[in-house]
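Below is one structure, written out as structure tokens, with a few remarks after it.
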Amino acid sequence: MNWNASCYQTQHSYVWQHGESLLSQLDPKVGEKILDLGCGLGQLTEKIAASGAKVIGVDSDRAMVTQAQNNYPQISFQVADATNFHLPEPVDAVFSNAVLHWVTPPEAAAKCIAQALKPGGRFVAEFGGKGNVKTIVAALEQVSGRSDLNPWYFPSIGEYTVILEQAGLEVVYAQLRDRPTPLGTAGLAGWLTMFGQRFFSDLSESEWADMVKATEAAAQQLYQNGDGQNRDGQNGEWVADYRRLRVVALN
């Protein structure tokens, strides 16, 4: 299934907004060549470019790349797979926000990242870590009766460090932390439709609507039982139990 780029831009801006703090660890410099891996709609790519770095954004979804190019025509965006991409010349840094938990096998992505970097180049990334959205996944499994609904890659620090080291990178910083994340006006229903519906492509529209309602009820019960972090925010807003792994590694 392809991403709904328009919906992603209007209802899920928190994805790139939370990643904005990662830019301080990237610390882009004027004239550096930087790859934004999994650039999405290009908001963070544009912020990297504003530093004076020469940046290119790549994403595996054509609709995302098309919208990113429309958003920021002055920046180069390309369609590429994180597990099998090649650059004409190595870059000073590879940056990635909220992407690598979608990418398997992670070993292939790590190898491509290492090959894309200059000697001494840096890899700066944040994505879902061990335990990410465990309440939502548990609710989906409970409602659907299926146990295969966590296709994402949510590693521990140790697990991911080994993968990067095997690819030839040296991990110099790693942090796994809870980051409760308000889901905005789209709520849990919007989150499920954007990020979870692809795993239920066999359901009709009405069956999916029923699934969403039942999953919301199950997730709310799990939160109330203390199995999740937050049930709602200040105004009844859904808050997902995100856990983020942030890592910096050198080539």
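Of V239, V172, which residue is at pLDDT 95 or above, within 30 Å of A109 (Cβ to Cβ) and either loosely packed, with under 13 Cβ neighbours inside 10 Å or touching a Pro at 6+ places or on another chain (Cβ under 6 Å) (or both)? Matching residue, one of V239, V172: V172.
Scanning segment 140-154 for residues being buried (at least 16 other Cβ atoms within 10 Å of the Cβ) and either at positive phi or in a loop (DSSP other than H, G, I, E, B) (or both) gives a total of 5. Pairs are defined by a Cβ separation below 7 Å, a sequence spacing of at least 6 or placement on different chains, a first member in segment 182-207 that is buried (at least 17 other Cβ atoms within 10 Å of the Cβ), and a second member that is in a loop (DSSP other than H, G, I, E, B) and at pLDDT 85 or above; the pairs so defined are G190/L183; W191/L183. When restricted to residues that are buried (at least 22 other Cβ atoms within 10 Å of the Cβ) and either among the basic types (K, R) or at pLDDT below 95 (or both), segment 66-96 contains 1.
If you check G168, G129, G120, which single one turns out to be of a type outside the set (D, E, K, R) and touching a Lys or Arg at 6+ places or on another chain (Cβ under 8 Å)? Write out each step before concluding.
Values: G168 fails: touching a Lys or Arg at 6+ places or on another chain (Cβ under 8 Å); G120 fails: touching a Lys or Arg at 6+ places or on another chain (Cβ under 8 Å).
G129 is the lone residue from the list that is of a type outside the set (D, E, K, R) and touching a Lys or Arg at 6+ places or on another chain (Cβ under 8 Å).
Of the residues examined, N132 is not one that is within 13 Å of the chain's Cα centre (by Cα) and within 30 Å of G31 (Cβ to Cβ).
Are any residues in segment 73-111 among the small types (G, A, S) and in contact (Cβ under 8 Å) with a residue 24 or more places away in the chain, and if so, which ones? Give the steps one after another, and end with the answer.
From segment 73-111, those among the small types (G, A, S) are 76, 80, 82, 93, 96, 98, 108-110; that's our starting set.
Of everything in segment 73-111, those that are among the small types (G, A, S) and in contact (Cβ under 8 Å) with a residue 24 or more places away in the chain turn out to be A82, A93, S96, A98, A108, A109, A110.
Tell me, please, whether a residue that is on the phi < 0 side of the Ramachandran plot and part of a helix (DSSP H, G or I) can be found in segment 167-183. No: zero hits.
The values are calculated or read from the model by the stated rules, or taken from the named source; none is laboratory data. As the structure is a computational prediction, the values presented were derived from the model and not from experiment. Cβ: placed from backbone, ideal geometry, glycine included. Neighbour counts: every protein chain shown.
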